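Please read the structure below before turning to the comments.
Any read-out appearing in this document is the output of simple, stated calculations on the displayed coordinates, not a laboratory observation. This one's a predicted model, so the numbers in the text were calculated from it and none came from an experiment. All Cβ positions, even for glycine, are placed from backbone atoms using ideal geometry, and neighbour counts span all protein chains on display.
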Amino acid sequence: MKTLLKPAQLIPMLLLLVLAVIPPIAAGMDDNFWVAFFARVLVYGIAASALNIALGLGGLVSLGHALFLGIGMYSVSLPSYYGVTSGWLHLAMCVVACAVVGGITGLISLRTSGIAFIMITLAFAQMGYFVIVSLKQYGGDDGMSITGASSFVGLQLNTPVAVYYAAWVLLAALTYWVYRLRTSPFGMTLRAGRQNARRVMSVGLALRSYQLAAYVLSAVLCGMAGMLLANLNAYASPSSMSWTVSGELIVMVVLGGMGSVFGPVLGALTFLGVEEILKAFTEHWMAVFGLAILGVAMAGKTGLAGLLEKIQPDTTGATNALSKESAK
Amino acid sequence: MSATLLLAQVLNGLQYGVMLFLLAAGLTLVFGIMSFVNLAHGSLYMLGAYAAAVVGVQTGSFTLSVLAAVATGAAVGMALEWVAVSRLYRRDHLDHVLATFGLVLFFNEVVRMIWGSQPVFVSLPESLSGTVDIFGFTYPTYRFLIIAVGLLVAVGSQWLIHKTRVGMLIRAGSVNPQMVSALGVNIRLLNAMLFALGSALAALAGAMAGPILSVQSGMGEPVLITTLVVIVIGGIGSVHGALYAGIIVSLVDTLGRTFLPMLIREFASREVANAAGPALASMLIYLLMAVILALRPQGLFPAHKA
Amino acid sequence: MKNIALAKCFAVGAAALTLSAAHAEIKIGFTGPLSGPVAAVGQDQYDGFMLGIEALGKKLGGESVSVLREDDQLKPELGNQIARKLIDRDKVDAIVGLGFSNVLMASLPRIVESGTVAIATNAGPSPLAGAGCLPHVFSMSWQNDGTAEAMGKYAQDSGYKRVYLMAPNYQAGKDYVAGFKRYFKGQIADEVYTQVNQPDYSAEIAQLQSAGADAVFVFYPGGMGVNFVKQFSQAGLMKKLPLLSAFTVDGTTISSLRDAAVGTISGAMWDVALKTPGNTEFISNFTKKYGRVPSHYAAVGYDTAKLLDIAVRKVKGNTTDKDAFAAAVKAAGTELKSIRGPFRFNSNNMPVQNYYAFQTIKEGNDFTVKLLGNPLPDHQDAYVAQCKAK
């Protein structure tokens, strides 16, 4: 309980709670834009959290995660195009497609490591992007509009508010799950493997299988974020699959604090939020934004979560042990 | 499909490959020897192109514009190294990605603030604007200059790295910086110079590319990915690897783009060929890279580490 | 007694209402690609639009106007978000711009849901012109196929027998090639789709030299166009092979191409060579204010400002009835004295206008265009029947 009151945990949790009540506040202010805006933040928070499982915990730097975001989007738009709007079917398609693609690409990519791994994941994402762009009957580069949103029993994702709460619930559940995962045997194996793969394998653990599992898990969750994004925008477009989006996801994860529980949420919120704030001030916001990102990179490897941690360090070493991790 | 067309396309592949090499040379040096992931390499390429364009229009001299580009690249490189890069060497690769990602945004916006959104004009002297008749095709003379410059850089950098004292210090510094420093060498200055060299090479590539490509904000991004593919295939840190890989990638891309649709048309309808051909051709270099990495992750021509 | 008091109250009330109505400000949201590889396009549209607003005394229909400027960065997702921001937070009366086709299509859901009037200044995708046509969404620029169709007609009229076609491998590229073929009845030497943002075309240029064509048609917007034309010209082909183009050589790229572009034939609904009323004034005012020659993108922006002026005047500044406002915009199209020549909206809200053929020439030290002809006068797009059938 004591650890929950430390700023590193308290502030993000308060943020999550505040996010939960944004829709009624926005409705009261007659300014529903904020619902759509923060819904997007939540969706990217989910995608960043998903990436965090592979990248932060497993040390697998994937520059191709936007591929799964895209698969998730198209697993809503393609059935919708043919008139199928059952949310369960969309979800099933998304999970199966992401698992299969993630499994195959993961199997091949995990034969390499380091920069080669980064480039191979990028290659797969680019290939997916080119395939979608050249499919003229499904809109190609122009994308597909989605006329029938995913509908589950009692819940239809056809309004930003509906998507908002679905995303919030998913993000909260995912965050809690990552919290448990980090200190679970699976998570510990991954984290150890990130620091010293040979040692882990010499203990008799099949590290490659753990990493593949983490990669596939990460892919499926990212796909689910894509589903929500498609419903939010009522649109699916291959531009969400480009490598710059993959790069932005990595930036969000690292900005927030790699491998930490709340890092991805903080990263997504900060990245998208600062962008929006700066836009209101100056036309040349990109220059300021770029310098700010540079500043954060130079300031601390542990990102925002690490900065919060420094306010009141966890000396018991019971939970995150972020400071120890940063020594690597 | 005639033999002369095939030969002409091979020549095209060669010259574009050398162009890719010019870009890749600087990046592979910085990445391989200093282990620094520099996504801002494309921005330095852009700054070089702008410097050459500006000086070229003012003076009308191509040589001066290229020299100006190289000087700009070296200067900006040194400044960046001193301010930011030197503090990031010992960090994780991802911090490099984050930092240089920010730099890319910054430089793109600065360039747009100064020169606007429209592409800028690059002047090319009369002597270099001619054509040559090869295999029945007219071929721009300027492309031969690119090949010449590229080969010069390849030979020059090989000589620098393997036949000079500085090169030896660079190679030693990449393996064991503390030892080199303990032996009385100013490793900080060495690294700064190396980064400046890499940046100068990027700027040189920009200056050479200016006359044939559009010089505008963000021109570095489309080429950055291809450059990364080249250095990964060639082997990180290996300059001769970058040259061979550049040519291989370019040949595969060029021949694939031109002959793959033709090939598909033999088996399938024109409709299908027009749809599938370009898509497959775009994916070709990524497929190539994926296959090479899966079989030989260290690249085709890895640098020899002591 | 009571009646007089009541009447006074009504009078004061009515006066207050008219006062507030008179002070009602028109809010316009302008969106476009203002950064990235096609920023020159968005910038020209914005500058043209603002020049129009200024020429009207910073008023639309007599009401003061404020323009909110948003950059969609050529990202469809951002276009979607910006549409929501402008409609839900800023409560704009109309959205102008909407950028390229993919961003435009992605921005539509909230626009359609809210009924806000939207005027696209850079696109007219075929779905929007056909079965997907919408009563409150207009295109002030062109239906996407128009320019290519004009070049096809020009090629047909000029007697070319074998044409080589090139475009980038994405939706618009394929549409443009299809548009060209709709009006060109000769032989197609080859149809080549290149990679988007491909830098080097030397391979394709070698290939086209061996194809035995008597003309080449290309669609390469933005940086791709600069790349292609530079390389085409350097290969010495500009003197040998007529180059027909759509959106490849235009006001935003001529200044960087200069000599390399001389001789190119382009299709467009406007260019500086037109001697329509108001055009000379527009060109000189734009050049004076922004230090560069306007492109057809700027001309569309300028026309849109004038269009809105007429439309707002029709509804007397009251845009709350969105159906009425949309109808006013449509009617305004017919009344507009456009600098591009004759203009009106078709039943599918796409423009009916002339599509001219221009040739890039060198005049002294300046690079400009001369008018070659009007291959498709008063042209209607090919999809309007699908919209009517709805």
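Building the convex hull from the alpha-carbon atoms of the protein assembly as shown and averaging its projection over directions returns 45.5 nm².
Summarising the label geometry, the points placed 7 Å from Cα in the beta-carbon direction at residue C:275 and residue B:268 lie 5.3 nm from one another.
For the stretch C:37-89, a/c is not less than 1.5, where a ≥ b ≥ c are the root eigenvalues of the C-alpha gyration tensor, and a/b does not top b/c. That puts it in the oblate class. Computed over chain C, the per-residue total of -39500 (n - 2.57) for DSSP H runs of n ≥ 4 gives a 222 nm mean residue ellipticity of -13000 deg cm²/dmol, rounded to 500. Calculated mean residue ellipticity, 222 nm, chain B: -26000 deg cm²/dmol, from DSSP H runs (n ≥ 4) at -39500 (n - 2.57) each, averaged per residue and rounded to 500. Per the Debye formula on identical point scatterers at the alpha carbon atoms of the stretch A:144-302, with no solvent, log10 I(q)/I(0) at q = 0.20 Å⁻¹ is -1.38.
Mean partner shielding of peptide B:201-213, defined as the number of other chain Cβ atoms within 10 Å of each residue Cβ, is 2. Taking every residue in C:31-38 and counting other chain Cβ atoms within 10 Å of its Cβ, the average works out to 4.
Go ahead and collect, in residue order, the members of the stretch B:1-29 whose backbone nitrogen is under 13 Å from a label point 7 Å along the Cα-Cβ direction of residue C:210. Answer for this model: B:1-13. Binning the alpha carbon pair distances of the stretch A:12-241 at 10 angstrom intervals from zero yields the distribution 8, 31, 33, 20, 7, 1, 0, expressed in whole percent.
The simple spin-label model puts a point 7 Å past each Cα toward its Cβ; for residue C:344 and residue A:11 those points are separated by 6.4 nm.
Peptide C:71-79 has a mean of 4 when you count, residue by residue, the C-beta atoms of other protein chains within 10 Å of its C-beta.
So what does log10 I(q)/I(0) come out to for the stretch B:1-93 at q = 0.16, 0.18, 0.23 Å⁻¹, using the Debye formula with one equal point on every Cα and no solvent? Values returned for q = 0.16, 0.18, 0.23 Å⁻¹ are -0.80, -0.90, -1.13. Neighbours of residue C:223, meaning other residues whose beta-carbon lies under 12 angstrom from its beta-carbon, give a summed charge of 0 when Lys and Arg score +1 and Asp and Glu score -1. Treating r as the C-beta distance of residue B:64 and residue C:55 and R0 as 51 Å, the FRET efficiency rounds to 0.70.
A prolate overall shape is assigned to the stretch A:37-161, the ratio a/c of its alpha-carbon gyration tensor axes (a ≥ b ≥ c) being 1.5 or greater and a/b exceeding b/c.
Here the Gaussian network model covers chain A, with springs between Cα atoms less than 10 Å apart; of A:178, A:43, A:131, A:131 fluctuates the most.
Nearest 10 degrees is fine. How inclined is helix C:223-234 to the longest principal axis of chain C, computing both from alpha carbons? The angle comes out near 30 degrees. Shown in residue order for the stretch C:189-206 are the 3J(HN,Hα) couplings computed by the Karplus curve 6.51 cos²θ - 1.76 cosθ + 1.60 at θ = phi - 60°: 5, 6, 10, 10, 10, 9, 5, 4, 6, 5, x, 10, 10, 4, 5, 5, 5, 5 Hz (x for Gly and Pro). In plain terms, the residue of C:154, C:290, B:45 with the fewest other Cβ atoms within 10 Å comes first and the most crowded comes last, giving C:290, C:154, B:45. Using C-alpha pairs below 8 Å separated by at least 6 residues, the relative contact order for the stretch B:3-217 is 43 percent. Computed over the alpha-carbon pairs of the stretch C:11-153, the distance histogram in 10 Å steps reads 12, 38, 32, 13, 4, 1, 0 percent, short to long. Applying 0.36 nm per residue to the separation of residue B:3 and residue B:152 and subtracting their alpha-carbon distance, the gain on full extension is 50.6 nm. Working ranking of peptides C:370-377, A:115-122, C:176-183 by packing, defined as the average number of other Cβ atoms within 10 Å per residue, highest first, is A:115-122, C:176-183, C:370-377. Between residue C:365 and residue A:198, the C-beta separation translates, for a Förster distance of 56 Å, into a calculated FRET efficiency of about 0.20. Distance between Cα centroids, the stretch A:81-116 to the stretch C:62-132: provide it in whole Å. The distance from the Cα centre of the stretch A:81-116 to that of the stretch C:62-132 comes to 33 Å. If one takes the longest principal axis of the Cα atoms in chain B, at what angle in degrees, from 0 to 90 and to the nearest 10, does the Cα axis of helix B:187-209 lie? Value to nearest ten degrees: 20.
In this structure, the amide hydrogen of residue C:30, modeled 1.01 Å from its nitrogen in the peptide plane, lies closer than 5 angstrom to those of C:68, C:69, C:70, C:96, counting only residues at least 5 positions away or on a different chain.
Put in line by how crowded their Cβ is, counting other Cβ atoms within 10 Å and starting with the fewest, A:175, C:319 read A:175, C:319. Give the Debye-formula value of log10 I(q)/I(0) at each listed q (0.10, 0.14 Å⁻¹), with one equal scatterer per alpha carbon of chain C, two decimals each. Summing over Cα pairs of chain C leads to -0.63, -1.18. The string of couplings for the stretch C:151-162 from the Karplus curve (6.51, -1.76, 1.60, θ = phi - 60°) is 5, x, 5, 4, 4, 4, 5, 7, x, 6, 9, 10 Hz, one whole number per residue in order, with x for Gly and Pro.
Close amide H partners of residue C:245, meaning residues 5 or more places away or on another chain with modelled amide H under 5 Å apart, are C:218, C:265, C:266, C:267. Label sites at residue A:311 and residue B:145, each approximated as a point 7 angstrom past Cα along Cα to Cβ, lie 5.9 nm apart. When the alpha carbon gyration tensor of chain B is reduced to an equivalent ellipsoid, its three semi-axes come out at 33, 24, 19 angstrom, largest first. Does the stretch C:134-233 come out rounded, prolate or oblate, given a ≥ b ≥ c as the square roots of the eigenvalues of its C-alpha gyration tensor, rounded meaning a/c under 1.5 and, failing that, prolate meaning a/b above b/c? It comes out oblate by the Cα gyration axes. Computed extension length for residue A:138-residue A:173: 9.2 nm, one decimal, from 0.36 nm per residue of separation with the Cα-Cα distance subtracted. Per-residue Cβ neighbour counts within 10 Å put C:378, C:90, B:253 in the sequence C:378, C:90, B:253, beginning with the fewest. Computing FRET efficiency as 1/(1 + (r/R0)^6) for residue C:386 and residue A:244, where r is the C-beta to C-beta distance and R0 is 35 Å, gives about 0.50.
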